[in-house]
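Peer 1: Here's a structure for you.
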Amino acid sequence: MVATCLQVVGFVTSFVGWIGVIVTTSTNDWVVTCGYTIPTCRKLDELGSKGLWADCVMATGLYHCKPLVDILILPGYVQACRALMIAASVLGLPAILLLLTVLPCIRMGHEPGVAKYRRAQLAGVLLILLGCQILWARTESSLHSQHLVQFKQKYLEDFSCLQGD
């Protein structure tokens, strides 16, 4: 009984995680851009966000998005994140279907227990690969954002002498 409950909880958790991957891939809130603090930008309506598919700006209470359609102009990290997230979304479907066939309440003919065990192992490996791809894509995106912030701060410090007192 405990093993059955754990398998069902594992399936539900994996399914919810896979839906989260699809939602994360489609959202435009990967990087929030703001020249000031976030509350100040919200008051001034200067809050922006960047995603894999569009750059968005909130101005005068409206949300304007410009789609990123020129593949050759996009930076390499955006293309890599797109590829990793799409691959993770596609890889999740067979993993979820395999997990569904492994549940104890589903029987497929007169199969031996070894076949079910191997399908469970394959589904687990696919889900681990899915998680690694997502982790890699999010880390790459975060590292690039941090690099841009450090570059902007260094640039402002180096050229602060050119600005007026």
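Peer 1: Scanning for something touching a residue at least 12 places away in the same chain (Cβ under 8 Å), surrounded by 12 or more Cβ atoms within 10 Å (Cβ to Cβ), over 20 Å from the mean Cα position of the chain (by Cα) and at positive phi, does the stretch 37-45 turn up at least one residue?
Peer 2: Within the stretch 37-45, one or more residues are touching a residue at least 12 places away in the same chain (Cβ under 8 Å), surrounded by 12 or more Cβ atoms within 10 Å (Cβ to Cβ), over 20 Å from the mean Cα position of the chain (by Cα) and at positive phi.
Peer 1: Any residue in the stretch 59-66 that is without any contact (Cβ under 8 Å) to a residue 24 or more places away in the chain and part of a loop (DSSP other than H, G, I, E, B)?
Peer 2: The answer is yes, given that some residue of the stretch 59-66 is without any contact (Cβ under 8 Å) to a residue 24 or more places away in the chain and part of a loop (DSSP other than H, G, I, E, B).
Peer 1: Taking the residues in the stretch 72-113 that are β-branched (Val, Ile, Thr) and surrounded by fewer than 13 Cβ atoms within 10 Å (Cβ to Cβ) as candidates, determine which candidate is nearest to Phe11 (Cα to Cα).
Peer 2: Taking the candidates together, the pick is Ile106.
Peer 1: Any chance the stretch 94-115 includes a residue that's of a type in the set (Ser, Thr, Tyr), at pLDDT below 90 and either within 24 Å of Leu130 (Cβ to Cβ) or in contact with a strand residue (DSSP E or B) (Cβ under 6 Å, 6 or more places away or on another chain) (or both)?
Peer 2: yes
Peer 1: From (1) modelled with pLDDT of 90 or more; (2) over 19 Å from Val125 (Cβ atoms), pick out the condition that doesn't hold for Cys56.
Peer 2: (1)
Peer 1: Is one or more of the residues making up the stretch 145-156 part of a helix (DSSP H, G or I), over 20 Å from Phe11 (Cβ atoms) and at pLDDT 80 or above?
Peer 2: no
Peer 1: Go through (1) modelled with pLDDT of 85 or more; (2) in a helix (DSSP H, G or I) one by one and return the number of the condition Val78 breaks.
Peer 2: (1)
Peer 1: For the stretch 77-119, give me the residue count where each residue is among the small types (Gly, Ala, Ser), under 28 Å from Val2 (Cα atoms) and under 25 Å from the mean Cα position of the chain (by Cα).
Peer 2: The total comes to 2.
Peer 1: Out of Thr4, Thr40, Thr24, report the one residue that is outside any loop (DSSP other than H, G, I, E, B) and in contact with a Lys or Arg (Cβ under 9 Å, 6 or more places away or on another chain).
Peer 2: Testing whether each residue is outside any loop (DSSP other than H, G, I, E, B) and in contact with a Lys or Arg (Cβ under 9 Å, 6 or more places away or on another chain) leaves just Thr24.
The values are calculated or read from the model by the stated rules, or taken from the named source; none is laboratory data. This one's a predicted model, so the numbers in the text were calculated from it and none came from an experiment. Positions of Cβ are backbone-derived with ideal geometry, glycine not excepted, and every protein chain shown enters the neighbour counts.
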